[in-house]
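Please read the structure below before turning to the comments.
The values are calculated or read from the model by the stated rules, or taken from the named source; none is laboratory data. Note that the structure is a prediction, hence the values are computed from the model and not measured. For neighbour counting, all protein chains shown are included, and Cβ atoms are generated from backbone atoms with ideal geometry for every residue, glycine included. Please note that ligands, DNA and RNA were not included when accessible areas were found on the heavy atoms of the full protein model with its side chains. Shrake-Rupley method; radii C 1.70, N 1.55, O 1.52, S 1.80 Å.
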There are 4 protein chains.
Amino acid sequence: MTARTPRYSGVIPPVVTPLTADGEIDRLSLERVVEHLLDGGASGLFALGSSGETAYLTPARQDEVIKVVTAASAGQVPVLVGAIETTTGRAIERARAAEALGADAVVVTAPFCTRTHDTEIDRHFRDIAAALDVPVLAYDVPVCVHSKLDPELLLPLAADGVLAGVKDSSGDDGSFRRLVVGARGLPDFSVLTGHELVVDAMMLGGADGSVPGLGNVDPHGYVRLHEAAIRGDWTTARAEQDRLVALLDIVRAARPGTASATAAGLGAFKTALMLRGVVATNVMSPPMRRLDEAETAAIAACLDRAGLSRS
Amino acid sequence: MTARTPRYSGVIPPVVTPLTADGEIDRLSLERVVEHLLDGGASGLFALGSSGETAYLTPARQDEVIKVVTAASAGQVPVLVGAIETTTGRAIERARAAEALGADAVVVTAPFCTRTHDTEIDRHFRDIAAALDVPVLAYDVPVCVHSKLDPELLLPLAADGVLAGVKDSSGDDGSFRRLVVGARGLPDFSVLTGHELVVDAMMLGGADGSVPGLGNVDPHGYVRLHEAAIRGDWTTARAEQDRLVALLDIVRAARPGTASATAAGLGAFKTALMLRGVVATNVMSPPMRRLDEAETAAIAACLDRAGLSRS
Amino acid sequence: MTARTPRYSGVIPPVVTPLTADGEIDRLSLERVVEHLLDGGASGLFALGSSGETAYLTPARQDEVIKVVTAASAGQVPVLVGAIETTTGRAIERARAAEALGADAVVVTAPFCTRTHDTEIDRHFRDIAAALDVPVLAYDVPVCVHSKLDPELLLPLAADGVLAGVKDSSGDDGSFRRLVVGARGLPDFSVLTGHELVVDAMMLGGADGSVPGLGNVDPHGYVRLHEAAIRGDWTTARAEQDRLVALLDIVRAARPGTASATAAGLGAFKTALMLRGVVATNVMSPPMRRLDEAETAAIAACLDRAGLSRS
Amino acid sequence: MTARTPRYSGVIPPVVTPLTADGEIDRLSLERVVEHLLDGGASGLFALGSSGETAYLTPARQDEVIKVVTAASAGQVPVLVGAIETTTGRAIERARAAEALGADAVVVTAPFCTRTHDTEIDRHFRDIAAALDVPVLAYDVPVCVHSKLDPELLLPLAADGVLAGVKDSSGDDGSFRRLVVGARGLPDFSVLTGHELVVDAMMLGGADGSVPGLGNVDPHGYVRLHEAAIRGDWTTARAEQDRLVALLDIVRAARPGTASATAAGLGAFKTALMLRGVVATNVMSPPMRRLDEAETAAIAACLDRAGLSRS
């Protein structure tokens, strides 16, 4: 096996986007999130992913997020920026904006809000990469875009230099393993898992790193996990992962039948960050509601059980 | 049963967006499409729906489409404009733009590119309507947005004056019938079907009108169908519908395995309009490919069988 | 258009299977159901469909149902019998049993509990038909078997004499319309809709008849609807359908979150038949629970509103 | 963490069912499969799972399979037998038959061919367990039955002694991890993965064993993997898994568009076993076709690359 030299590796959290009580970008809180993640050992930042409420932000607000994150991280680690748009032309427009504002790479999904086809997804990535100077990563997130990116689609794009990596949030770990095995001869191609419940397992299988939403709450934990995995200390990696599995119970705090899974998950991340003193509020973008006091108390209990400090 | 006085009724085609060979909005062709539809007897126009490639157009190009359509129709019929965006804030931004450019009403889907929930969809429509002066119609299009809008969600929004109507492209005619029956006491609420294969049947069930993609190709046929239905001449309505069912075989012209269903369908509409002399090219937005010569020949044969003139 | 001479037409209710308090086939109640349906004007009976709890009955109990229904109907109308089994060999085994017990025709789905493919579904129907003397109808019920039977699959099987008809419970009325139009040259092929909410609309489109689950509760209503449609009295057909749409609200009586859609639907049918004095209990097969008193009261109110007599 | 003492652990292959050229159970070949698996180190056998074509076998043929497998294994390892039927009563009937024929445990799915609900699935498992003397394992296989068994459903059933274990073929490894973590206090409960592409990863996460379809072809490989995992030699486990990932390319031998995924997969397993001299033919049950010469050659090449002997 060729030694791997992926451009992006380690823990690259998908940065949440804090909001003020009236729904504006909370710049100070966002700066503190960046500081919190870098302090935790993040080796990169992924702004404007699902965890960053990207689908809920107007282009102007997306630009604001990019500016704050690139400024706050100040070149310490690469900043990957989502250009999550329905189709090719719109994605290029957003990707160029990100590039102009200092993104080190852009992250792009398959087309959505339309029916698509593998031949069109292939052209989509090729057209986007051709229109940009920065590297492009594919974002495999069928729960949002309702297409799965198969290894048979991704590997030729990697081999042709169109894609610099993939963030796999598909939950399809068999497909991910086939991707990792298929990428053996592509040492620079970054294979990153977003499956935060099984990062240890995906690292064992050959992932280069992870993009865990829960890493917003406990970046230190995911970094310890990653480092243990890299040195082959699987007992430590597993124990850390098990602790994080329990921590992820925070996403079950929202009362059933009152919120989407997205609101329950993002709401838990934001509430935990609020409890940890990193962000000022747990406000979410409309039409999502913020979690209430009882739900917040349940999350506080999870943090305590996981041994995470609260402010 | 209360006499119905829906604000929008009749045939309201979802206007296709012609493109030039290099992918720009083809303004002259779009003007001719509008003229063709009005000549056919359209009682309204729906710009920037799925058939209008809305998911493929940047905001600037969307604005251009609105300008051309409102100018070309010159107030002869209401212009409904899609504000098809992922979530509330983004949809409001686009809806306000449409309003400012002269839209008579806006058409909005459930949130997409995220997991949502009925409580959030309800708030979504309420927030959007509150932010606008023009009426709002719901666009039920699960094939694009992966949520179904049930009568139990829509009827309270109609009763509260949030929604002025619905365009149902769900293909779920049982749900549509329940919606029609439920809207008996809401005489102003417009219940429009987008199910172009069964417009006669939906009219029998009580629809106020239709928004048929195929109506771009043959508006005269859908208007004849509508008028027959209104006067209770179901034999004529059915015969017209049967002819249109056969005509819709144009969407099977694309070679299997080489294009998405969207590209096959839109490509057929554009190719048919090209063959009929209404638009200059059958170019589609990336990453969709245009239909080729053999596929075009198959569509020409369908037009001939359906008795449609070609230029 | 060739005059149609379908072997099966009119209203062919999918007969429910009454159970005793201890879960055995309630033969007397089943006889009364048959009598009730024939009194209502049913032109055929479909035993062991979804409404007949076929998936919940052992082969021995299925045999018992066939015996009771064929004996009770005594040749007055054809008895179609479901042979709903996972794959070809198992379906043939059950179909032969039905044939031996007097079924006039058998009704068969696509393979299920496995991943299948159109080439295999095609062979499935051909092998089954070749193994039997009685006619075979296809049962298109994706909600149960998770495959859709497209016109492109069914029409060649009809043309080759493999299939004598189709019961369409797919809810995909566009596909159904294409099937009806495609079957114009196959005058003996029976195209039956199971979409009980829009029977008037499907009759307008060219259906030969219907197989409505709700027809168990109100066969007279569906027969009136059918007869109005046949004589072209669409106003009467629509009014009857609208009344039946309201009646179908009985399926919403089950408390949300406490039962499957199947249990809510079948439970409502059985409860309504109990209230109407046709069956002795509303017991359902495990693991479904029977509806309780409060749910029964809600159903009684629906019956009253629909003008249906109660015993 | 409590030391685990699961009743079933190690590699428990889902035994394929060899057929003769005319579609009967090939008893001699089935005996050789059992011998081959025991020689490979299997610690149990799972007869009549998906890989055993259970959905394709009549009850009589299923009985025959149980007899051959129990006789051939002669008590050396436990024999788990699938009772894969649509609903409770039917599953009990098949489970009792299996019990009577010597099954050590039965394996049962959620109800299928119907719409179900968690409350009903819960009752389903409880009723089945109450009707049997042997242990019951849950089979989580949404690709067949279209319901997912969540940890929130399974763990209470485990705690109540209803379920002795689970075979997870859901492909949802996050859910599986939550199940493993949740089962920490249930040392006897067997948590087995059917996700043959990531057995190393699932073992790292805490699985007690695996039920890999590909284990029919290479039981020795999966046993080496398991043993390496048990002793904490993750480098060896991973290397073995990677070899098996490559071997699983045999399922891509079937020409695209000519067979279901089930036929492609089972056909590859049977063809590989034929090439290895274990079974006499690669015949599959109707309506599946057997793989042809070209497809067989592709599979032979995969076996050679994986270092597996051929006869």
Quiz item: Which condition number in (1) more than 17 Å from the chain's Cα centre (by Cα); (2) open to solvent by 10 Å² or more (accessible area, probe 1.4 Å); (3) at pLDDT 95 or above is the one that D:Val251 fails?
Solution: (1)
Practice problem: Just need a number here: residues in segment C:89-124 that are surrounded by fewer than 22 Cβ atoms within 10 Å (Cβ to Cβ), more than 7 Å from every other protein chain (Cβ to nearest Cβ) and part of a helix (DSSP H, G or I). | Solution: 6
Exercise. Evaluate the following for B:Leu192: is it among the hydrophobic types (A, V, I, L, M, F, W, C) and more than 16 Å from the chain's Cα centre (by Cα)?
Key: no
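Could you pull out the residue among B:Thr86, B:Thr70 that is facing another protein chain (nearest Cβ under 10 Å) and either under 19 Å from the mean Cα position of the chain (by Cα) or of a type in the set (A, V, I, L, M, F, W, C) (or both)?
Numbers: B:Thr70 fails: facing another protein chain (nearest Cβ under 10 Å).
When all the criteria are applied, what remains is B:Thr86.
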Quiz item: Restricting attention to segment C:176-188, does a residue exist that is among the charged types (D, E, K, R), closer than 29 Å to C:Ile92 by Cα, more than 14 Å from chain B (Cβ to nearest Cβ) and open to solvent by 30 Å² or more (accessible area, probe 1.4 Å)?
Solution: yes
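Being of a type outside the set (S, T, N, Q), at negative phi, free of Cβ contacts under 8 Å to residues at least 12 places away in the same chain and surrounded by fewer than 23 Cβ atoms within 10 Å (Cβ to Cβ) is the requirement here; does B:Ala60 meet it? Break it down into steps so the answer makes sense when it comes.
Values: of a type outside the set (S, T, N, Q): yes; at negative phi: yes; free of Cβ contacts under 8 Å to residues at least 12 places away in the same chain: yes; surrounded by fewer than 23 Cβ atoms within 10 Å (Cβ to Cβ): yes.
It is true that B:Ala60 is of a type outside the set (S, T, N, Q), at negative phi, free of Cβ contacts under 8 Å to residues at least 12 places away in the same chain and surrounded by fewer than 23 Cβ atoms within 10 Å (Cβ to Cβ).
Return the residue satisfying two criteria in turn: it lies in segment B:17-58 and is within 16 Å of B:Glu85 (Cβ to Cβ) and of a type outside the set (Gly, Ala, Ser), and of such residues it is farthest from the chain's Cα centre (by Cα).
B:Thr58
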Exercise. Please state which one of A:Thr258, A:Thr193 is in contact with a Ser or Thr (Cβ under 7 Å, 6 or more places away or on another chain) and within 21 Å of A:Leu48 (Cα to Cα).
Key: A:Thr193
Practice problem: Of all residues in segment B:125-168, count the ones that are over 16 Å from the mean Cα position of the chain (by Cα), part of a helix (DSSP H, G or I) and within 12 Å of another protein chain (Cβ to nearest Cβ). | Solution: 7
Quiz item: Do we find a residue being in contact with a helix residue (DSSP H, G or I) (Cβ under 7 Å, 6 or more places away or on another chain), free of Cβ contacts under 8 Å to residues at least 40 places away in the same chain and among the basic types (Lys, Arg) anywhere in segment C:287-306?
Solution: yes
Quiz item: Can you spot a residue in segment B:63-71 that is of a type outside the set (Ser, Thr, Tyr), outside any strand (DSSP E or B) and crowded, with 24+ Cβ neighbours inside 10 Å?
Solution: yes
Quiz item: Is it the case that D:Phe46 is within 30 Å of D:Glu152 (Cα to Cα) and not in a helix (DSSP H, G or I)?
Solution: yes
Exercise. Show the residue pairs that are 6+ apart or on different chains and have beta-carbon atoms under 8 Å apart, the first residue being within segment D:241-260 and closer than 17 Å to D:Ala272 by Cα and within 14 Å of chain C (Cβ to nearest Cβ), the second being outside any helix (DSSP H, G or I) and at pLDDT 95 or above.
Key: D:Ala254/D:Leu291
Quiz item: Is one or more of the residues making up segment A:21-28 within 24 Å of A:Ser169 (Cβ to Cβ), assigned to a strand (DSSP E or B), touching an Asp or Glu at 6+ places or on another chain (Cβ under 6 Å) and modelled with pLDDT of 95 or more?
Solution: yes
Practice problem: Could you check, for segment B:195-205, whether at least one of its residues is facing chain C (nearest Cβ under 8 Å), at positive phi and under 19 Å from the mean Cα position of the chain (by Cα)? | Solution: no
